[in-house]
Amino acid sequence: MRVSKKLKCAAIGFLAILSIQSTNAQGQTKSINSLTSLLRRIKQSGYTNLDTTSGAGLFVKEKHSCTDTYKLYLQVIDLRKMHLINIYSITTNQGIAESKYYTQREFDSSPYFKRFSHQSVLDSIPANFRSRAFTILNAMFFEVYKDSTQFSFPVKDKGRVISGGSSFYGPIENAADNHYKNIALKAVLFSNAGVVIKDYNSKSGSPLNNPKYKTGFVTYNYLDHPARVLANNQSNRYHLIGSVNVAETEGDELLLILTIDRGTLDNAAKELTDLGAGNQIATIDGGSSVFIWNHRLGNVLVPESKEPTAMGYPVLIPHFIAFVKK
């Protein structure tokens with residue numbers, strides 16, 4: 001019996017969804033017990049090595065589906081050798097007592113942060129920092145497209161919460177869309193032991209307020225990304241974040257950042273679960289803001305706009321993160 005290409009694609013799509021749901025319910029698809037076994041799986045999955053250094057790797061592959069051809073950029077960060085550094089600049093004291101997602105006694109504000117072009121950030125990086133950095137990428141969601149903006153969700157830096165978030169697309173009473181009233185945001189938190197990705201409680205501030213987590217941020221579960229909920233999971237650029245534990249201790253030692261170019265959030269999430277990242281998958285700002293710089297390759301993906309200016313790239317970003325050798 002002949003099966004049409006359209007029917008084959010529908011069946012493949014159904015099986016892909018089933019695979020994601022099954023994996024998410026059970027956790028990791030297969031155990032990863034070492035960095036070596038993860039790297040073997042990455043190679044078997046068809047990735048090409050773009051750059052590796054002690055503690056980090058950057059890989060790429062092109063994938064074809066029935067409707068799309070897209071690229072996947074995979075970063076593997078060993079947090080035993082690398083750490084995360086936030087890059088931002090608070091501009092004003094506005095936003096006092098305006099925090100929507102962190103309202104603890106010591107902090108309840110959502111200040112404004114200056115928006116930068118990616119090139120101005122690269123130009124300002126000292127030589128000693130650049131020599132230790134592996135990658136730099138954009139991070140926190142934002143919703144105001146002026147010279148400065150509030151972060152959408154909480155960010156913690158050097159043991160101190162610097163923003164409580166301001167988005168109306170989150171679990172607040174007057175959420176801009178009913179879907180968001182009862183969602184669970186994800187906290188991505190870094191300590192000396194590695195990274196954890198956990199549900200976030202905006203009323204208690206837990207686990208962001210735990211002092212053992214010096215750096216971190218709150219963001220969406222990929223399933224709740226506005227592009228998936230409100231825009232039919234359209235193909236675009238997205239960053240997704242997962243993690244792998246290889247030492248059977250608290251905190252996952254390996255951070256996986258999967259950036260998809262011209263694919264969907266579900267495409268990217270399935271890729272992460274197939275690599276062993278389990279069911280705790282978060283996402284950071286995507287679309288026209290997506291940026292990846294690598295110390296050896298330079299700009300891998302740059303922010304893009306349909307309305308270029310004399311500067312080349314008019315997209316301005318308030319928050320970057322860098323992965324730097326300890």
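The values are calculated or read from the model by the stated rules, or taken from the named source; none is laboratory data. Because the structure is a prediction, the values reported are computed rather than measured. Heads up, the Cβs are rebuilt from the backbone with ideal geometry, glycines too, and the neighbour counts pull from every protein chain shown.
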| Candidate set from the stretch 29-48 (those that are at pLDDT 95 or above and among the small types (Gly, Ala, Ser)); member that is surrounded by the most Cβ atoms within 10 Å (Cβ to Cβ) | SER45
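Does the stretch 303-317 include one or more residues that are under 29 Å from THR36 (Cβ atoms) and modelled with pLDDT of 95 or more? Give the steps one after another, and end with the answer.
Taking the stretch 303-317 as the starting set, the residues that turn out to be under 29 Å from THR36 (Cβ atoms) are none.
Looking through the stretch 303-317, none of the residues is under 29 Å from THR36 (Cβ atoms) and modelled with pLDDT of 95 or more.
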| note | Across (1) surrounded by 15 or more Cβ atoms within 10 Å (Cβ to Cβ); (2) in a loop (DSSP other than H, G, I, E, B); (3) without any contact (Cβ under 8 Å) to a residue 40 or more places away in the chain, GLN94 clears everything bar (1)
| message | Tell me whether the stretch 70-82 contains one or more residues that are in a strand (DSSP E or B), surrounded by fewer than 13 Cβ atoms within 10 Å (Cβ to Cβ) and of a type in the set (S, T, N, Q). | response | no
| task | Give PHE153, PHE168 a once-over and let me know the one that is closer than 15 Å to THR283 by Cα, of a type in the set (A, V, I, L, M, F, W, C) and either crowded, with 23+ Cβ neighbours inside 10 Å or at pLDDT 95 or above (or both). | result | PHE153
| note | When every residue in the stretch 171-191 that is in a loop (DSSP other than H, G, I, E, B) and under 20 Å from the mean Cα position of the chain (by Cα) is compared, the one surrounded by the fewest Cβ atoms within 10 Å (Cβ to Cβ) is ALA184
| field | Long-range neighbours under 7 Å by Cβ, at least six apart or interchain, first residue closer than 22 Å to ARG130 by Cα within the stretch 297-317, second surrounded by 16 or more Cβ atoms within 10 Å (Cβ to Cβ) and at pLDDT below 55 | value | VAL302/TYR313; PRO303/TYR313
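Taking the conditions exactly as written (crowded, with 17+ Cβ neighbours inside 10 Å, in contact with a strand residue (DSSP E or B) (Cβ under 8 Å, 6 or more places away or on another chain) and of a type in the set (D, E, K, R)), does LYS158 satisfy them or not? Explain how you work it out, then say what you get.
Values: crowded, with 17+ Cβ neighbours inside 10 Å: no; in contact with a strand residue (DSSP E or B) (Cβ under 8 Å, 6 or more places away or on another chain): yes; of a type in the set (D, E, K, R): yes.
No: the conditions fail for LYS158.
Quick check on the stretch 277-305: of everything there that is outside any strand (DSSP E or B), aliphatic (A, V, I, L, M) and buried (at least 20 other Cβ atoms within 10 Å of the Cβ), which residue is farthest from the chain's Cα centre (by Cα)?
The first filter runs over the stretch 277-305 and keeps only residues outside any strand (DSSP E or B), leaving 277-281, 285-291, 295-297, 302-305.
Going one step further and asking which of them are aliphatic (A, V, I, L, M), we end up with 277, 281, 290, 297, 302.
Still in the running and buried (at least 20 other Cβ atoms within 10 Å of the Cβ): 277, 281, 290.
Details: ALA277: 13, ILE281: 9, VAL290: 10 Å.
Result: ALA277.
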